[in-house]
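What follows is a set of notes on a single structure, which appears directly below.
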Amino acid sequence: KGSQMQRTFEKNDLQEANSSIQFYVPQENKEINDKATANPEGLAERIVRHDTDAILWSDTVVIEPLPEALGTHVELGQLKGMKDVAKILKSIFDESESFDAMGRNDAIITQVKRLTNDILRKRVYPHYEDIRRVPGISESDDRRSLGINQYVYGVCLDLTDGRGFYDWEEIKKELK
């Protein structure tokens, strides 16, 4: 319930900062998240379809990869995989001048280039609102109040060109 309240607060806060933003908030999708009325038949497949479509077609993703949010971690991995493939395709297009001699289908190449560029322009704003995440505290060994999985943090660094986690106020300012 706390996570749901946090997502509602975040949506309202971002809408207040910029009323033109359109959101996909998974918990508001009654087809997959109204546990009292959602059809359980094929529910997992519908969740994946809806959330993946939102990831694919969004311009911006605000995401909080808390340790208990396993689905969010999968979504973060999808974003990383998409960006990795887009980087590979872009490098192929940038380095290859031989497409003209190969009898390529220009419409398909144009579509793939557009999609690749859209993925590479996708902004990702990971944040981590745990109150134990504060600067200046030196902890060691097993006396730590907070530990962030370093692979997850590395993915956040990769998706943000080395920035890592954003503070909430920074996200609001960026999206204003």
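Quick notes
- Figure note: R132, R7 ranked by solvent-accessible area, largest first, 1.4 Å probe, ligands and nucleic acids not counted: R132, R7.
- Sequence-distant aspartates and glutamates (8 or more away, or on other chains) whose Cα lies within less than 17 Å of K172: E10, D13, E16, D59, E64, E129
- Helix 106-121 vs. the chain, principal-axis angle (Cα, 0 to 90°, nearest 10): 20 degrees
- Each of A36, F93, N149 was placed along the dipole of region 16-160 (beta-carbon charges, centred on the mean Cα), and the one lying farthest toward the positive end is F93.
- Here the Gaussian network model covers the chain, with springs between Cα atoms less than 10 Å apart; of H73, H50, H127, H50 fluctuates the most.
- In the elastic network of the chain, a GNM with C-alpha springs shorter than 10 Å, the most mobile of A86, A44, A36 is A36.
- Options (1) 10, 41, 39, 9, 0; (2) 9, 31, 28, 19, 11, 1; (3) 8, 30, 32, 20, 9, 2, 0 - which one matches P(r) over Cα pairs in 10 Å bins from 0, in percent as calculated here: (3)
- Amide hydrogen neighbours beyond the local backbone of I63, cut-off 5 Å, H modeled: Y125, H127
- Lysine-lysine proximity count for region 33-168, Cα under 25 Å, sequence distance 8 or more or distinct chains: 10
- Inter-label distance for H50 and N117, nm, one decimal - labels placed 7 Å from Cα along Cα-to-Cβ: 3.3 nm
- Carbon and sulfur %, accessible surface of region 1-71 computed with the full protein complex present, 1.4 Å: 54 percent
- Taking Lys and Arg as +1 and Asp and Glu as -1, the other residues whose beta-carbon sits under 10 Å from that of L120 total +4.
- Take region 1-100 with all the other protein chains still there, run a 1.4 Å probe, and you get 65 Å² of accessible area per residue.
- Cα→Cβ-extended label distance, 7 Å offset, between D13 and I131, nm: 1.4 nm
- Of all the options Q15, Q78, Q111, the one that moves most in a Gaussian network model of the chain with Cα springs shorter than 10 angstrom is Q111.
- Note on the chain: with charges restricted to the Cβ of Lys and Arg (+1) and Asp and Glu (-1), its dipole about the Cα centre is near 120 debye.
- Our summary gives region 22-103 a relative contact order of 15 percent, counting only alpha carbon pairs under 8 angstrom and 6 or more residues apart.
- Other residues within the sphere of radius under 12 Å centred on the Cβ of S58, judged by their own Cβ, net out at -2 (K and R +1, D and E -1).
- Shape of region 112-176, Cα gyration tensor, a/c cut at 1.5: oblate
The values are calculated or read from the model by the stated rules, or taken from the named source; none is laboratory data. Because the structure is a prediction, the values reported are computed rather than measured. So basically every Cβ, Gly included, is an ideal-geometry build from the backbone, and we count neighbours across all protein chains shown. These accessible areas exclude ligands, DNA and RNA; they are computed on the full protein's heavy atoms, side chains included. Shrake-Rupley method; radii C 1.70, N 1.55, O 1.52, S 1.80 Å.
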